[in-house]
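Working notes, beginning with the structure itself.
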Amino acid sequence: MKKHNTALFLLLLTLALGASASASSDHGHDQSTEAPQHQEANEGHNHEHGDEENRVHLNDEQQRMAGILVETLSLRAIPDEIEAPGELRLNSYATSQVTPRIEAQVTQRYARLGDQVKKGQKLATLSSADMAEAQGALIIAAREWQRVKKLGLKVVSEQRYLESRVAYQQAWAKLLAYGTTREQIDRLVKSGDVTRADGSFTLFSPQKGTIIRDEFVIGQMVAPGDLLFEITDESTIWVEAHVNPELMYKVKPGAPARILAGDKWYEGKVLQIHHALDETTRTMRIRIELPNPGDHLHPGQFVTARIALGESSNKALMLPKEAILRSPDGDWQVFVEKEPGEFEPVEIEILRQLPRNAVIKGLPPGTRVVVQGAFFIQSELAKSGFAVHNH
């Protein structure tokens, strides 16, 4: 009877322990089920709070100081343009070559490659036997002419008078043709010093600009026409663009053009249109003039030219380039005015680059977008320590 009671007690204890374990398991399962729901609720709350943080609030005074300008996004006509390959060239109208007009030897130089020179600045001195002969002849002719002119036609014959005058004028013109300046010739005549007829003469810069070529050495013998210096004004440069002849009727002188050199765009205008096809490419060449401040563009560089033809009938959403910035993700973004004085970054896509604007998508027409001062707003957002990640 005692053994029986003991067995019954053990059976009841086992059943009680099993029930307790089952209850514990069910309670754990309920907790694990509830936890994600609670976590999801918290995540939703944090996301909503995050959207609020992803905004910049500026009062009227701050907007005025930062130059904030907001415009309503609308559909606008897209400029029509053609694209053509091109090459940068020197502005020939602002370039000069300095060459000797007679055979001579270079004895001294005063300027070198890369120098900025002024008009009339000394570049080099040369020496020539032909120049020495011409200088001597001028001194003799000048003295004779002064003597004959002083005597006058009452003393000398008309024939001698004319011959003396012509000889002087020819000697004077010969030195001028050899490359001597009028000032140098006048000084030589006034001095009357035969020792100055040594054949030396100086070449001067014909314009203001930069020396881009000076391929000679001291002591070198040079022939007439040999290039000693090439000088150009680098404030402007040309592009020779090659355009399909069938499109030429659309291109007009003075039309705006933009040039892609490397990864940067430059704005210019059509200067001239050639009137004959290029024999090699069978294209029509268009000359475009570009401002070149800072001398960032150099001859010989290949570029892409886009020439404006007016406005097309197609319309699209466009924004000024300064309104579009890179987000921390590296994507393009703009700042949208959600409420007066409240700005939020929104990612967009750039469909096409224009001279001052960009064709975009990602926003509906009517959206209020910051078109000036976006960089200031981005800086204010970065100060708050919030990393922008739009999706």
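The table below gives the values:
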quantity: Count - residues of segment 63-79 that are closer than 30 Å to ILE307 by Cα and loosely packed, with under 13 Cβ neighbours inside 10 Å; calculated: 3
quantity: Those residues of segment 91-114 which are part of a loop (DSSP other than H, G, I, E, B) and either within 11 Å of GLU230 (Cα to Cα) or open to solvent by 70 Å² or more (accessible area, probe 1.4 Å) (or both), in sequence order; calculated: THR99, ARG101, GLU103, TYR110, ARG112, LEU113, GLY114
quantity: Enumeration of residues in segment 246-261 that are surrounded by 12 or more Cβ atoms within 10 Å (Cβ to Cβ) and in a helix (DSSP H, G or I); calculated: LEU247, MET248, LYS250
quantity: Segment 151-205, subset in a loop (DSSP other than H, G, I, E, B) and either closer than 28 Å to ASP115 by Cα or hydroxyl-bearing (Ser, Thr, Tyr) (or both), residue most open to solvent (accessible area, probe 1.4 Å); calculated: SER157
quantity: Positions within segment 60-77 being without any contact (Cβ under 8 Å) to a residue 40 or more places away in the chain and of a type in the set (Asp, Glu), in sequence order; calculated: GLU61
quantity: Selected residue (criterion: nearest to the chain's Cα centre (by Cα)) from residues of segment 80-90 that are crowded, with 18+ Cβ neighbours inside 10 Å and part of a strand (DSSP E or B); calculated: LEU88
quantity: Within segment 278-314, considering residues that are in a loop (DSSP other than H, G, I, E, B) and small (Gly, Ala, Ser), the one nearest to TYR266 (Cα to Cα); calculated: GLY294
quantity: Filtered residues of segment 288-315 (kept if over 19 Å from ILE237 (Cα atoms), exposed (fewer than 15 other Cβ atoms within 10 Å of the Cβ) and not acidic (Asp, Glu)); calculated: GLY310, SER312, SER313, ASN314, LYS315
quantity: Within segment 262-277, tally of residues that are over 25 Å from PRO245 (Cβ atoms), part of a strand (DSSP E or B) and of a type in the set (D, E, K, R); calculated: 2
quantity: Verdict on PHE375 being of a type in the set (Phe, Trp, Tyr), in contact (Cβ under 8 Å) with a residue 12 or more places away in the chain and surrounded by fewer than 16 Cβ atoms within 10 Å (Cβ to Cβ); calculated: yes
quantity: In segment 253-275, the residues that are at pLDDT below 90 and over 18 Å from the mean Cα position of the chain (by Cα); calculated: HIS275
quantity: Members of segment 311-362 that are among the aliphatic types (A, V, I, L, M) and touching a Gly at 6+ places or on another chain (Cβ under 8 Å); calculated: VAL346, ILE348
quantity: Counted residues, segment 206-236 - those being surrounded by 19 or more Cβ atoms within 10 Å (Cβ to Cβ) and either assigned to a strand (DSSP E or B) or among the basic types (Lys, Arg) (or both); calculated: 7
quantity: Residues of segment 324-354 satisfying the condition of being touching a residue at least 60 places away in the same chain (Cβ under 8 Å) and either under 28 Å from MET65 (Cα atoms) or outside any loop (DSSP other than H, G, I, E, B) (or both); calculated: SER327, PRO328, PHE335, GLU337, LYS338, GLY341, GLU342, PHE343, GLU344, PRO345, ARG352, GLN353
quantity: Count - residues of segment 342-362 that are of a type in the set (A, V, I, L, M, F, W, C) and open to solvent by 20 Å² or more (accessible area, probe 1.4 Å); calculated: 3
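The values are calculated or read from the model by the stated rules, or taken from the named source; none is laboratory data. As the structure is a computational prediction, the values presented were derived from the model and not from experiment. Cβ: placed from backbone, ideal geometry, glycine included. Neighbour counts: every protein chain shown. The protein model used for the area step is the full one, side chains on, heavy atoms only, and it has no ligands, DNA or RNA in it. Shrake-Rupley method; radii C 1.70, N 1.55, O 1.52, S 1.80 Å.
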